[in-house]
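The values are calculated or read from the model by the stated rules, or taken from the named source; none is laboratory data. Quick caveat: nothing in here was measured; it's all calculated off a predicted structure. Every residue, glycine as well, gets a Cβ built from its backbone with ideal geometry; the counts of neighbours run over all protein chains shown.
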Amino acid sequence: MNKYLLRGLLLCLAINIAHAKESIFIIDELASDLGVPWGMAVLDEEHVLFTQREGVLAQLEIDSGKISIISGLPAIKVGGQGGLFDIALPANYADGQWLYISYNKEVDGQGVTTLARAKIKDQQLIQWQDLLISQSRSKKSVHYGGRITFDNQGHVFLSIGERGVRANAQDLSNHAGKIIRLNLDGSVPKDNPFYGIDGVMPEIWSYGHRNPQGLFFNTTTQQLWSVEHGPRGGDEINLIAKAKNYGWPIVSHGKEYFLPKRVGEATERVDMENAIQVYIPSIATSSLIQYQGTAFENWQGSLLVGALKAQHLNQIILDKDNKVIAENKLLRSIEGRIRNVIESPTGYLYISTDDGRILRVKPKLWSTN
């Protein structure tokens, strides 16, 4: 067979497979023409809270598409990759009514990733509290991290990027390039690994991170997952453990932006943690979840990662030992940079894109008639 004809047939087969995968979804556009919807949290099955990186917090009424702005945010330093980041609700939200927000706060003219909490009353934030104004100042407007997750045991985790200063990630005297663990009131847990050590930030849970923009705690398995950007290649999914070093910038699978060489000393080192999954080339990872629901049959336990540059939802299927056994590239028909993915109580997905859309993804129920 002519090699060009064979290539054409293989391309058609790939396209048909991709279309077949897309046909199992119902994708509803709930909102559009927003800024960059960076974070989302399901308030209930009728309402979703969402942030826009430009410094706007709002509530979306799912059925009508009505958007209500929530006032009361503090001053937010918006620029580059900085602005208003994540919003998250702990499991006991109904009891305490505290919601958690991360944002870029200006300190002496520079931006720092900050974790705060507040309550909502009459579409306004009240009782605002900055829980951690991190030690992560930088003149650069990149690599803020900013994802929030909870272990449902009284702790909140926050990811912080190395702020474009590579050495920060290995320096335990600051918060940049780290994953942070706090009590829900912002105090430092005494069982944090570096608590009470002179010269070390006691909030640190893990370090050696570049720019972790995805963070998810599986309360069933009690495991913390993160996903972070590499440079040119080398995006990583990591299973996060207490006090561990994830290598950046000493260990990396990525290349320098302006030099024809790899970043760091090697792709792995015995005293540093290896990634569960590495993306080469980079897909430009954003958020991630580990799917818990039953709406999408056979997805339970899969990692779902938003891809910015590659514009799809990346599904990683794991075995019982958290080894990768398969990868699927889903929702290419969205045709947008996927910024955030969350799961609703019914197991549906809510997805936001950098071009200002919020989408709901449901499985298509096939008729047997």
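Looking at the stretch 74-128 only, could you name the residues that are out of contact with any strand residue (DSSP E or B) (no Cβ under 9 Å at 6 or more places or on another chain), small (Gly, Ala, Ser) and more than 18 Å from residue 149 (Cα to Cα)? Residue satisfying the conditions is 109 alone. When residues in the stretch 71-90 are screened for being surrounded by fewer than 20 Cβ atoms within 10 Å (Cβ to Cβ) and assigned to a strand (DSSP E or B), 2 of them pass. The residues on offer are 164, 145, 65, and the sole one that is buried (at least 16 other Cβ atoms within 10 Å of the Cβ), free of Cβ contacts under 8 Å to residues at least 40 places away in the same chain and assigned to a loop (DSSP other than H, G, I, E, B) is 164. For residue 247, the conditions (1) modelled with pLDDT under 95; (2) crowded, with 23+ Cβ neighbours inside 10 Å are fulfilled apart from (1).
Among the residues of the stretch 297-341, the ones that are closer than 17 Å to residue 362 by Cβ, of a type outside the set (A, V, I, L, M) and either outside any loop (DSSP other than H, G, I, E, B) or under 14 Å from the mean Cα position of the chain (by Cα) (or both) come to 2 in all.
Farther than 17 Å from residue 354 by Cβ, touching a Ser or Thr at 6+ places or on another chain (Cβ under 6 Å), modelled with pLDDT of 95 or more and not β-branched (Val, Ile, Thr): is that true of residue 59 in this structure? Here the answer is yes, as residue 59 does meet what is asked. Among the numbered conditions (1) surrounded by 15 or more Cβ atoms within 10 Å (Cβ to Cβ); (2) over 17 Å from residue 151 (Cα atoms); (3) of a type in the set (A, V, I, L, M, F, W, C), the only one that residue 225 does not meet is (2).
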